[in-house]
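The values are calculated or read from the model by the stated rules, or taken from the named source; none is laboratory data. The structure displayed is predicted, hence computed values, not measured ones. Cβ coordinates were reconstructed from backbone atoms using ideal geometry, including for glycine residues, and neighbour counts include every protein chain displayed. Areas reflect the complete protein model, heavy atoms only, side chains present, ligands, DNA and RNA absent. Shrake-Rupley method; radii C 1.70, N 1.55, O 1.52, S 1.80 Å.
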Amino acid sequence: MQPLWYRNAVVYAVDPAMFRDSDGDGWGDLRGVTRRLEHLRGLGATCLWLLPFYPSPFKDGGYDVADHLSVDPRLGTLPDVVELLEAAEEAGIRVILDLVVQHTSDQHPWFRAARADRDSPYRDYYIWSDEPRDDGIASVFPTVEDGVWTLDEQAGQYYRHTFYAHEPDINLANPEVRREIRRIMAFWLRLGASGFRVDAVPYMVRAAGADPAFQDGTDLLRELRDFVALRHPEAVLIGEVDVPVEEYEDYFLGGDGLTVLLNFWLNNHVFLALARGEAEPVHRALGELPPPPAGSQFANWLRNHDELDLERLSEEEREEVMAVFAPDEDMRAYGRGIRRRIAPMLGGDARRVAAAHALLLSMPGTPVLQYGDEIGMGDDLSRRERLSVRIPMQWTAGDNAGFSSASPDRLVAEPLKDGPFGCAEVSVYDQQRRPDSLLAKVGDMVRTRLGLTEIGHGRYRVLDTGRPSVVALRHEDERDGVVVTLVNLSAEDVEVRVPDCDLEDLVDVLADGEYPPEGDDPPALRLAGHGYRWLRPRAHVFK
């Protein structure tokens, strides 16, 4: 058993509809993911986060779930899930699934039964009102939805929807609903999933708090954690929790709540640092980050399948990041975020993109990679809202970027063909053949990171190098292992002096290039523009 496997894992997030089409129908599918597991293994990823593959109208990229216990026929079958889980296990890759139970699609059988009959037991699976009322909840998509209440003509009442109008909120204060959720979790855990990424957790907690049997809504998290621990002691609950940093403990609950929190606080400050070319926002964010409870963890990422939500920054900081990375209104979403991938945000500069990944992988916590970012894929701003970053994987420079053999009119989305981020310039096949490619560099980082457990779950502290552009951290573990990570966020070459470290005893375990021996007295470490170096004491490298 590996009960704390997630603490030294590298997670790779895949949208199965966009990854690889195995049967030529134009949609990526589960068999396509299975047949491309060697890509994950070659990269060094040890955990696959599989985005929703459940039956869905796909009005919200599959997060509008119409059946939690089945597979959308365009994406495969339940035997395909089993085959994928077995193949991943053989490859040493764990699989976590999206648990989307804050809302359902309005096509879900629960909602169809609820709207058809006031006396149906499913009526109380959702939140209804004779008139719109102020619950203190604002729409997640204020530029798209006018509010959170919509009249259902068939039901004769309004239903609440925190997200889109076609995604009615589930009534988590209803014990029967929570029993259904446990049934869903048990089903997928029994098939071999290693846990769940839980969607929209703060909204779930708020809704569950209406149950008088609960002391507060966080009892829901205790209930889910207890259930998972009994069913699968190694399974994790990774929570989407975008709240102020001082509220993180309300979701860890001293180790009794979520296992891992997605660290929006640090993510926002990483982009502020990248926008400025300065380390201070990252150093400050780490200084204000509360330590997770024993056995718990933070997860870090650069970009994911949603907009880059910058709500954890001040208004001035948010506008600063927007001005650098989303100067055009079309690049922005919902008045708060950016709908671009990391490579175009950094101007397609391979050194900057590599440095950003070096920064991600040197942060304390579990790193999460978004499919395609390891090769520097772009985005498609012609697609609405967040769909701009949900585009087909670019495997080759051939037809449909090697994603599908279907005719273009049948594709779930059109791959990028032209321009600096099109498949003619950016593809897995091309980068696999070049030892200096972004794919090669990110793969080196991931595989090196797996051997540096000090970063995964050790202690850390910020180092003052005297260079504003350098993010410098010293990581230690309980076995006295030490790793020093340096990332230069500027384009200028710099020299740094690392306090409290014997530089003569430090050797590179990863670097962006060759660096000559340090000959200064006192010794200094050189960093190229957008360079990075991870170092260990010589005794730990050669013992």
Among 300, 304, which is in contact (Cβ under 8 Å) with a residue 60 or more places away in the chain, within 19 Å of residue 200 (Cα to Cα) and outside any loop (DSSP other than H, G, I, E, B)? 300
Among the helices (runs of 4 or more DSSP H) lying completely within segment 180-260, list those that include at least 3 residues that are open to solvent by 10 Å² or more (accessible area, probe 1.4 Å), out of contact with any strand residue (DSSP E or B) (no Cβ under 7 Å at 6 or more places or on another chain) and closer than 21 Å to residue 162 by Cβ. 201-208
Which ones in segment 14-25 are surrounded by fewer than 23 Cβ atoms within 10 Å (Cβ to Cβ), of a type outside the set (D, E, K, R) and touching a residue at least 24 places away in the same chain (Cβ under 8 Å)? 24
Just a yes or no: is a residue in segment 285-294 open to solvent by less than 60 Å² (accessible area, probe 1.4 Å), under 30 Å from residue 15 (Cα atoms) and not aliphatic (A, V, I, L, M)? yes
Please determine, by comparing only the residues of segment 515-543 that are under 32 Å from the mean Cα position of the chain (by Cα) and among the charged types (D, E, K, R), which one is modelled with the lowest pLDDT. 536
Take the residues in segment 408-431 that are in contact (Cβ under 8 Å) with a residue 60 or more places away in the chain and more than 24 Å from the chain's Cα centre (by Cα), then tell me which one is surrounded by the most Cβ atoms within 10 Å (Cβ to Cβ). 411
Please enumerate the residues belonging to segment 381-405 that are under 12 Å from residue 416 (Cβ atoms) and open to solvent by 30 Å² or more (accessible area, probe 1.4 Å). 381, 382, 383, 397
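Hey, which of the helices (runs of 4 or more DSSP H) in segment 404-521, taking only ones fully inside, have at least 2 residues that are within 16 Å of residue 375 (Cα to Cα) and touching a helix residue (DSSP H, G or I) at 6+ places or on another chain (Cβ under 8 Å)?
Values: elements: 428-432, 438-450, 453-457.
Once the helices (runs of 4 or more DSSP H) in segment 404-521 are filtered for at least 2 residues that are within 16 Å of residue 375 (Cα to Cα) and touching a helix residue (DSSP H, G or I) at 6+ places or on another chain (Cβ under 8 Å), what remains is 428-432, 438-450.
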Looking at residue 92, is it touching a Lys or Arg at 6+ places or on another chain (Cβ under 6 Å), modelled with pLDDT of 95 or more and not β-branched (Val, Ile, Thr)? no
For residue 310, are the conditions met, namely being under 16 Å from the mean Cα position of the chain (by Cα), over 28 Å from residue 3 (Cα atoms), open to solvent by less than 10 Å² (accessible area, probe 1.4 Å) and in contact (Cβ under 8 Å) with a residue 24 or more places away in the chain? yes
